[in-house]
């Protein structure tokens, strides 16, 4: 059993509003994780700083594997980063989740606990355990190739806020992908 399998319940009155989000927040968030020089600090920084951009109950980072599976790099909940070990590699069972994770554009899945109810294992249980209203999936790409995804479990979001989060999130995820690739090259050269 890992740290993420039994989080405390979250109130159903959780609300999201991003209309007052300053663009400077995006710049500060990108600067914070780009300055990391080790994966041990990079992923926690990505999670920690994403919460200032995208209000979410939980966040997860998945890296693409060669066989359609995903490495669960970590999760973020209640102000803490958790290195996820269970269900890694994670292989989506539903076609919707597979397509969503491989897509190169931001996507919103309404009532993911219903649409992805065939997903099993502790990772899926952790993501959808309190019946979230939305799952926001941001692809991480490098040179047009999907390298993973950032997943955000959230409450309802106004359509105008969804459009703004699509834009801010795509910029954030693009920078995460580029920084990840650079850090990977640096690690290999060491």
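The values are calculated or read from the model by the stated rules, or taken from the named source; none is laboratory data. Note that this is a predicted model, so its numbers are computed, not measured. Because the Cβ atoms are built from the backbone with ideal geometry, glycine has one as well, and the counts that use them run over all protein chains shown.
General remarks:
- Cβ-Cβ under 8 Å pairs, at least 6 apart or on other chains, the stretch 102-113 side touching a residue at least 40 places away in the same chain (Cβ under 8 Å) and at negative phi, far side in a loop (DSSP other than H, G, I, E, B) and crowded, with 18+ Cβ neighbours inside 10 Å: 108/157; 112/132
- Residue match in the stretch 57-70 (condition: surrounded by 13 or more Cβ atoms within 10 Å (Cβ to Cβ) and at pLDDT below 85): no
- Check on residue 127, in contact with a helix residue (DSSP H, G or I) (Cβ under 9 Å, 6 or more places away or on another chain) and more than 18 Å from residue 92 (Cα to Cα): no
- Filter result for the condition that a residue is in a helix (DSSP H, G or I), within 25 Å of residue 83 (Cβ to Cβ), touching a residue at least 60 places away in the same chain (Cβ under 8 Å) and touching a strand residue (DSSP E or B) at 6+ places or on another chain (Cβ under 7 Å), over 169, 177, 148: 169
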